[in-house]
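Peer 1: Before I ask anything, let me first share the structure, which is written out below as structure tokens.
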Amino acid sequence: MEKPFACVAPLSAPESLRSAVRARVERAQRRVFVSRLILSVAVEAVSIIAVVASFSYIAQSLEASGTFSYLRLIMSEGFGLIGYSKELLLSLVESLPVLALAALFAAVLSFGWSTLRLVRRSRFVASYA
């Protein structure tokens, strides 16, 4: 069975048309790259703000929960607390603010993810500049 259009000769496009199509494709690629880069920078800025806010939130939560008092006790007494280390560590863990730690963890993960994406995308800046 013959292939359809086997008898039609291939057409060649003029060089001006080829260069015009290449230029439009490059402009479209540059536009997509710039919009993705701007979006990545915006996500990076938001994640930095989230990390700073979660650090301040965790500091307030640690102060309110009394965790700092346990830490001060450990620093001041030192080796005298070795006999009570299990009870002291359980009290310390019970006083930790779980919500604040989860918020901090999520903000740090978001910051790391957005930084990784920004670095990967910015490798191609030289080719599109």
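Listed here are the residues, each with its yes/no results for (1) touching a helix residue (DSSP H, G or I) at 6+ places or on another chain (Cβ under 9 Å); (2) over 21 Å from Thr115 (Cβ atoms).
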| position | (1), (2) |
| --- | --- |
| Arg27 | no, yes |
| Arg30 | yes, yes |
| Val34 | yes, no |
| Ile38 | no, no |
| Ala53 | yes, no |
| Leu62 | yes, yes |
| Ser69 | yes, yes |
| Leu73 | yes, yes |
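Peer 1: Answer yes if at least one residue in the stretch 2-15 is surrounded by fewer than 10 Cβ atoms within 10 Å (Cβ to Cβ) and in a helix (DSSP H, G or I), and no otherwise.
Peer 2: Among the residues of the stretch 2-15, at least one is surrounded by fewer than 10 Cβ atoms within 10 Å (Cβ to Cβ) and in a helix (DSSP H, G or I), which makes the answer yes.
Peer 1: Give the stretch 47-62 a look and list any residue that's touching a residue at least 24 places away in the same chain (Cβ under 8 Å) and β-branched (Val, Ile, Thr), or say none.
Peer 2: Ile48, Val51, Ile58
Peer 1: Further question: Looking at Leu62, Leu73, can you tell me which residue is surrounded by 13 or more Cβ atoms within 10 Å (Cβ to Cβ), part of a helix (DSSP H, G or I) and over 30 Å from the mean Cα position of the chain (by Cα)?
Peer 2: Values: Leu62 fails: over 30 Å from the mean Cα position of the chain (by Cα).
Checking each option against the conditions leaves just Leu73.
Okay, residues lined up against (1) over 30 Å from Ser110 (Cα atoms); (2) over 34 Å from the mean Cα position of the chain (by Cα); (3) of a type in the set (S, T, N, Q):
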{"site": "Ala9", "(1), (2), (3)": "yes, yes, no"}
{"site": "Val34", "(1), (2), (3)": "no, no, no"}
{"site": "Ser47", "(1), (2), (3)": "no, no, yes"}
{"site": "Thr67", "(1), (2), (3)": "no, no, yes"}
{"site": "Ser91", "(1), (2), (3)": "yes, no, yes"}
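Peer 1: Follow-up question, since we're still on this one. Does Glu77 satisfy the condition of being at pLDDT 85 or above and farther than 30 Å from Gly112 by Cβ?
Peer 2: On the way: at pLDDT 85 or above: no; farther than 30 Å from Gly112 by Cβ: yes.
Here the answer is no, as Glu77 does not meet what is asked.
Peer 1: Under 6 Å by Cβ, and 6 or more places apart or on different chains, what pairs join a residue from the stretch 31-43 that is surrounded by 11 or more Cβ atoms within 10 Å (Cβ to Cβ) with one that is assigned to a helix (DSSP H, G or I) and not charged (D, E, K, R)?
Peer 2: Short answer, once both residue conditions are applied: Phe33/Tyr128; Ser40/Leu118; Val43/Ser114.
Peer 1: Let me confirm something: among Ala53, Ala59, Ala42, Ala23, which residue is farther than 17 Å from Ala107 by Cβ and out of contact with any Lys or Arg (no Cβ under 6 Å at 6 or more places or on another chain)?
Peer 2: Ala23
The values are calculated or read from the model by the stated rules, or taken from the named source; none is laboratory data. Being a predicted model, the structure only gives us computed values, none of them experimental. Cβ sites come from the backbone with ideal geometry, for glycine too, and all protein chains shown count toward neighbours.
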